[in-house]
Every structure is written in C-alpha cells, then in structure tokens.
Amino acid sequence: MMNAEGIFRYYEKDLRRVEGEIAKIFSSDVVVIPDIGRHLIGGGGKRLRPMYLLMSAALSGYSGDGRYVFAGVIETIHAASLLHDDVVDGAGVRRGKPTSHSIWGTQVVILVGDYLYANSLRMAVSQQNLKTMEAISYAVAKMSEGEILQLQKIADPEITEADYVRIVESKTGALISASCKIGAILGGLSEEKVNAMASYGLKSGTVFQIYDDILDFKADEENLGKKLGRDLHEGKITLPLIYLLKSANAQERQELTAIIDSTSDEDMPDKEKDGQIERDLKKVLTLFKKYDVIEKTMDKAKEIVAEAKAELSAFDDCKEKDALIVMAEYALSRDK
Ligand code: FPP
Ligand code: MG
C-alpha cells in the first residue's frame, strides 16, 4: 500500500491542473487580487482539500475535467476563509510568511476574500451541477457558523468537548466533507454512497483540525510556519486544554483560568506578549505531561480516524479506497 507521500506524488500532475484553475479564479486586472493570491496560495499549503476531492472522484469512477475545476474552487474558498480568519485571529504569520493583512491591510484583504469566494462560486456555477452547489454553500454556511460559535466560546473555561467537536466539525470538517462529497456526486454514486463519502470527509477533516490543535502546543515552530501557543493566546480552548481543565485540581484550574483570561490583553507590547506566551505555554505543557493530556487527545483523534475508515465500508476494496484510508491516518502522522 502507498504511503501519504506516495499518494501526493501520484496526484502531482492532477494538482498542477488544479493550480491552473486556482490561478483563473484569482485573475483580475485589479492587481492586488492576484498579488495576494500569489502570496497566500503560491506560498504553500498542503492542497489537502483538492487531494480529497481528486481521491474521492477516483474512487467514484469520475475522470472528467470538472474535478480540477471543483478542486480549484474548494481550495480558493479555503484561501478566502484563511484571509478572513487571520484578520479575525489577529495572526501575524501563516505558512512561514507574514499574513496578507499585515502587508496589505485588513480592508483590502477582507474584500479580496469576498472576491475570491464569489469568483469561486461563479466558477462552480459554470459546471451546471446543482447538487455540488448545494454541497458548497452548505459547507460555507457551516464554516461561518463554526467560526462564530468559536468566537462566542473564546476564553470560556466552561466550554465542553461537545462544543469543541461542533466547532471543529463546522469550521474544518465541513469543507473537507464537501470535497469528498463532490467527488462522489461527480461520479454519479447512489445517495447512500454520496453520504458515506461526506461523512468520511467530515470525520477526516475533524481529525486534521484536532491534530492541528495538538501541533499548536508541541510542533517544531519553524517547520509549522506559525507561532506555537497561538490558540492559548487567542483564548481558543481546544481539546487538549478542555481535557486538562477536566483533570486539573482546584489550584491548577485556577491558574489555567488566569492564563486563559490574560490572553485577551490587547494592549501589551509584542515583546512582552511573546515572553508571556512562552511562560504560559511552558506551564500548560508541564500540566499536559502530568495528566497525559496529549495521549488522551490522540486517543480521541484515533477513535475518529477509525470512524472515518468505517464509513468507507460501503465501498468495495480497491487501491483508491486504500488511498483514502491512508489519508485518514496521515492526519495524525504529519509534522505540520
Ligand atoms: C482556520 O482555523 C480557519 C478555518 C478552518 C475556517 C475559516 C472560516 C471562515 C472565516 C468563514 C468562511 C469565510 C469565507 C470567505 C468563505 P484556525 O484559526 O484554527 O487555524 P489556523 O491556525 O490555520 O489559523
Ligand atoms: Mg486562525
């Protein structure tokens, strides 16, 4: 069986076609639009969503050019959402580079996000397939809902695991679910199989985000291309922290809530902030060790990987199915 690297290599030529579609969506004679496009999209990214779409189309027996268009559409919607997300999160670095809004300013970047989103939809509409439009618009509505719910739960130590799962399924799972679903729709599969692919995508996407949230605490910063401890600093209480809050004793819990409360201090100078993040992160990591928090979070993620794989039981065994199984596991083995 191929490993994830082999699968990415196998799809290299297809991904190049997808890049062409992305460039089309970015094109405009208002030059700041392709400028920001090149900065963000040309600046890397795993092309995870296009991969899921191509792989799902392959399993569904679809090999038409529409898959490149939809893969480009989904990746560009993802890019638009990151432009907005980095403004909302006040993030300074993404993929090892300064974020677009820190270069071009928030006003232009928000509007470029709108342009990319709208132009992606235009490109999708050109394919004249209503079911795919339903999948895309549902996903974007969910993503927005997830981001809004996440904002409402900022720095709320009462946040539950169920709240977290809902946020993550919405903000990340939904678009990956749509990627997988569109592949199956293009292949003209039965409703049962289309839904199985959508559930596989939802679960796989959820695992990716849970692991992202783990990496935020423990990755190699340089490799990750963004600063560690950002979530904590933004007041985002992710699954590891939820588990820690559950296990911690009264005094530790109080210390943790103090850290969470201090995170929204906007006026602190950057240098002091960095020092504080580092100290807070160290404290939290020590407690993670004490209560095996990362292991518990990984166990939960592995459970969801198993559920994702089980969704594929509706499909006959074949190498395309094996590849999707490998992708579900890859979510937990990457280092960025
Ligand atoms: C990154 O999360 C952000 C998302 C997964 C979704 C963002 C969605 C929206 C802003 C709504 C949809 C908007 C449009 C224009 C389609 P994160 O902050 O946890 O990850 P990060 O560390 O990569 O920033
Ligand atoms: Mg963010």
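The values are calculated or read from the model by the stated rules, or taken from the named source; none is laboratory data. Everything numeric here is computed off the predicted structure, so don't read it as measured data. Here Cβ is always computed from backbone atoms with ideal geometry, including for glycine, and neighbour counts include all displayed protein chains.
A few remarks follow.
- Qualifying position, being under 25 Å from LEU54 (Cβ atoms), within 16 Å of ligand 2 (Cβ to nearest atom), touching a residue at least 40 places away in the same chain (Cβ under 8 Å) and buried (at least 18 other Cβ atoms within 10 Å of the Cβ), among VAL140, VAL168: VAL168
- Considering only residues in the range 78-132 that are modelled with pLDDT of 95 or more and basic (Lys, Arg), the one that is farthest from ligand 2 (Cβ to nearest atom) turns out to be LYS131.
- Checked against (1) surrounded by fewer than 22 Cβ atoms within 10 Å (Cβ to Cβ); (2) farther than 20 Å from ALA118 by Cβ; (3) more than 13 Å from ligand 2 (Cβ to nearest atom), PRO34 passes all but condition (2).
- When SER63, SER100, SER56, SER81 are checked against the criterion of being polar (S, T, N, Q) and surrounded by fewer than 18 Cβ atoms within 10 Å (Cβ to Cβ), a single residue qualifies: SER63.
- Residues that are surrounded by fewer than 20 Cβ atoms within 10 Å (Cβ to Cβ), in a loop (DSSP other than H, G, I, E, B), polar (S, T, N, Q) and within 16 Å of ligand 2 (Cβ to nearest atom) occur at least once in the range 264-273.
- Some residue of the range 120-134 being within 26 Å of LYS336 (Cα to Cα), more than 10 Å from ligand 1 (Cβ to nearest atom) and in a loop (DSSP other than H, G, I, E, B): no
- Within the range 54-109, being assigned to a helix (DSSP H, G or I), more than 9 Å from ligand 1 (Cβ to nearest atom) and not hydrophobic (A, V, I, L, M, F, W, C) holds for SER56, GLY66, ARG67, TYR68, GLY72, GLU75, THR76, SER100, HIS101, SER102, THR106, GLN107.
- Checking each residue in the range 143-165 for being of a type in the set (A, V, I, L, M, F, W, C), more than 16 Å from ligand 2 (Cβ to nearest atom) and part of a helix (DSSP H, G or I) picks out ALA162, VAL165.
- Looking at LEU241, LEU228, LEU232, just one residue is closer than 25 Å to VAL87 by Cα, assigned to a loop (DSSP other than H, G, I, E, B), within 16 Å of ligand 1 (Cβ to nearest atom) and in contact with a Phe, Trp or Tyr (Cβ under 9 Å, 6 or more places away or on another chain), and that residue is LEU228.
- Close pairs from the range 71-92: first among the polar types (S, T, N, Q), partner more than 9 Å from ligand 2 (Cβ to nearest atom) and modelled with pLDDT of 95 or more, Cβ under 7 Å, at least 6 apart: THR76/ILE22; THR76/ILE25; THR76/LEU116; THR76/SER120; SER81/MET143
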